[in-house]
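Notes to accompany the following structure.
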Amino acid sequence: MNIINRDELIKTDLTTRLTVDGITDIYDVYKIKLDKLYYNDQNDRIATWISKYKADNHLESFDLSNTEEYNKIIANFIKESDEKAFKKTRNNIKALGQTEPAVILRDGRIIDGNRRFTCLRDLAKEDSRFNYLDAIIISKDIQDSKKEIKLLELYLQHGREERVGYNPIDRLVGVYNDVIKNQLITIDEYAKNTEQTTSEVKKMIDRASLMVEFLEFIDMPEHYYLARDWDLDGPLGEIRAVLNKVKTEEEREDLKNIIFTNMAAKPNTDMTRYIRKIKNIVNTPQFRPFIEDNLELCERFLEKFDGEEEKTVEFINKEVRGDEQLIDDLKNTYDKYQEKVKKRNSINAPKNQIEKAIDALQNIDFDIVLRLNDETDYPQFLNSLEKLEEEVKNIKDEVYGNVSSSNES
């Protein structure tokens, strides 16, 4: 891309403070014509939209030789990704003007302010007053300073109030690309520039890695828009807690594939709770049979993909989610084992309550008992002990019958 010429910039009286590469400085704000600017295709906010466009059009990357055509494509993503936020920002700019400057590179790539740019493009169609973007210019090149630019973008997009506007799946795609796939930045750097803890970022990366595995499982790698359209952030967040309860690696892998099959088929409207409740079955006598029955269903699921050259959303909707028999079998198998575990828990409830009572009795501090007041506290303790003995006798009578009374008579 060409560097914006100085004579194409209109310097304003405004300045803004910004920290770049750890150095805080005061930057001049310029007015720049909209046709000199272009969107950042590495913007995490629209990562899933870009993945869908590339998949639909069999693209590896965008052609930036025609920036106007490119800008039209990305503008639609910005609008569709959050129509409510777009309308709100558009109305604010129309009423008050642009109140916060954007951040761009020397070649016109927008690092922060893509939504503002979109709103101005829209408003400029009706009023030429909106044909300029107020922005500060960072003297960096996207190729030579990828890491520094990404860290700045993360801070501007996530480290401030705008973090709310991100779809959770778009954030997962962003952190996966930045930290795992491209190894552009570290976990600590991501955490610092997004004002999160390293623990929070690690959990995000874990969910993101599971998302990548799931898309590979259904033979649609990097089709991240599926995870967004299917609202998989909740289900992805439950998987690790379920798998962590499984004792062997083999069973853990089997269960993960079973969960992935259910996520693709969607036998329940609330897949987050559906996956969470699988924990009830893990490490019970029903777990192994549950695995075996579901692996057969997994095979039926995967067989649908054999011989299918190009997997698409339409294919999954028709052949998987449209297979009523498979959906019913998945749901019935799940319900059957949940019911068995529930029944077993009901049967074991009295025993568990008695074991808790025994634990409570064993935790009595008898040194305290010996120091009880002889006139009040000690008689009350003995009275409670007698009531306990009476309750134990009543339970035995209920379980065994009044055997002792029969023998005495």
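Could you list all residues from the stretch 1-50 that are touching an Asp or Glu at 6+ places or on another chain (Cβ under 9 Å), of a type in the set (Lys, Arg) and without any contact (Cβ under 8 Å) to a residue 60 or more places away in the chain? Passing the criteria: Lys11, Arg17. Restricted to helices (runs of 4 or more DSSP H) entirely inside the stretch 185-254, those with at least 3 residues that are without any contact (Cβ under 8 Å) to a residue 24 or more places away in the chain are 187-194, 198-217. I'd like to check something: does the stretch 235-244 contain any residue that is surrounded by fewer than 18 Cβ atoms within 10 Å (Cβ to Cβ), within 20 Å of Lys54 (Cα to Cα) and not small (Gly, Ala, Ser)? Checked against the condition, which is being surrounded by fewer than 18 Cβ atoms within 10 Å (Cβ to Cβ), within 20 Å of Lys54 (Cα to Cα) and not small (Gly, Ala, Ser), the stretch 235-244 yields no hits at all. Pull up the stretch 368-381, narrow it to residues that are assigned to a helix (DSSP H, G or I) and exposed (fewer than 11 other Cβ atoms within 10 Å of the Cβ), then point me to the one that is modelled with the highest pLDDT. Within the stretch 368-381, the match that is modelled with the highest pLDDT is Ile368.
Scanning the stretch 83-104 for residues that are touching a residue at least 60 places away in the same chain (Cβ under 8 Å) and either over 26 Å from the mean Cα position of the chain (by Cα) or not in a helix (DSSP H, G or I) (or both) turns up Pro101, Val103, Ile104.
Within the stretch 42-56, is there a residue that is among the hydroxyl-bearing types (Ser, Thr, Tyr), assigned to a loop (DSSP other than H, G, I, E, B) and farther than 18 Å from Ile111 by Cα? No. Among the numbered conditions (1) more than 19 Å from Val20 (Cβ to Cβ); (2) among the aromatic types (Phe, Trp, Tyr); (3) at pLDDT below 95, the only one that Tyr155 does not meet is (1). Scanning the stretch 105-117 for residues that are assigned to a helix (DSSP H, G or I) and among the hydrophobic types (A, V, I, L, M, F, W, C) returns a single hit, Phe117.
For the stretch 293-300, the count of residues that are more than 17 Å from Ala227 (Cβ to Cβ), without any contact (Cβ under 8 Å) to a residue 24 or more places away in the chain and surrounded by fewer than 18 Cβ atoms within 10 Å (Cβ to Cβ) is at least one. When you check Asp13 against the structure, is it charged (D, E, K, R), part of a strand (DSSP E or B) and in contact with a strand residue (DSSP E or B) (Cβ under 7 Å, 6 or more places away or on another chain), yes or no? Considered against the rule, which asks whether it is charged (D, E, K, R), part of a strand (DSSP E or B) and in contact with a strand residue (DSSP E or B) (Cβ under 7 Å, 6 or more places away or on another chain), Asp13 comes out as no.
Take Asp365 and decide whether it is among the acidic types (Asp, Glu), out of contact with any Pro (no Cβ under 8 Å at 6 or more places or on another chain), loosely packed, with under 10 Cβ neighbours inside 10 Å and at pLDDT below 85. The answer is no for Asp365.
How many residues, within the stretch 69-82, are out of contact with any strand residue (DSSP E or B) (no Cβ under 7 Å at 6 or more places or on another chain), over 18 Å from Glu126 (Cα atoms), part of a helix (DSSP H, G or I) and of a type outside the set (S, T, N, Q)? Looking only at that region, the number is 6.
Whether a residue is more than 16 Å from Val20 (Cα to Cα), of a type in the set (Asp, Glu) and buried (at least 19 other Cβ atoms within 10 Å of the Cβ) was assessed, and Asp134 passes this test. One residue alone among Ser209, Ser199 is among the hydroxyl-bearing types (Ser, Thr, Tyr) and closer than 20 Å to Asn262 by Cβ, and that residue is Ser209. Within the stretch 51-77, residues that are outside the structural domain of Thr118 (by TED's automatic domain parsing) and crowded, with 17+ Cβ neighbours inside 10 Å have Cβ atoms under 6 Å from residues that are at pLDDT 90 or above and not β-branched (Val, Ile, Thr) in no pair, counting only partners at least 6 apart in sequence or on another chain.
The values are calculated or read from the model by the stated rules, or taken from the named source; none is laboratory data. These numbers were taken from a predicted model, which means no experiment stands behind them. Backbone-built Cβ (ideal geometry, glycine too); neighbour counts: all protein chains shown.
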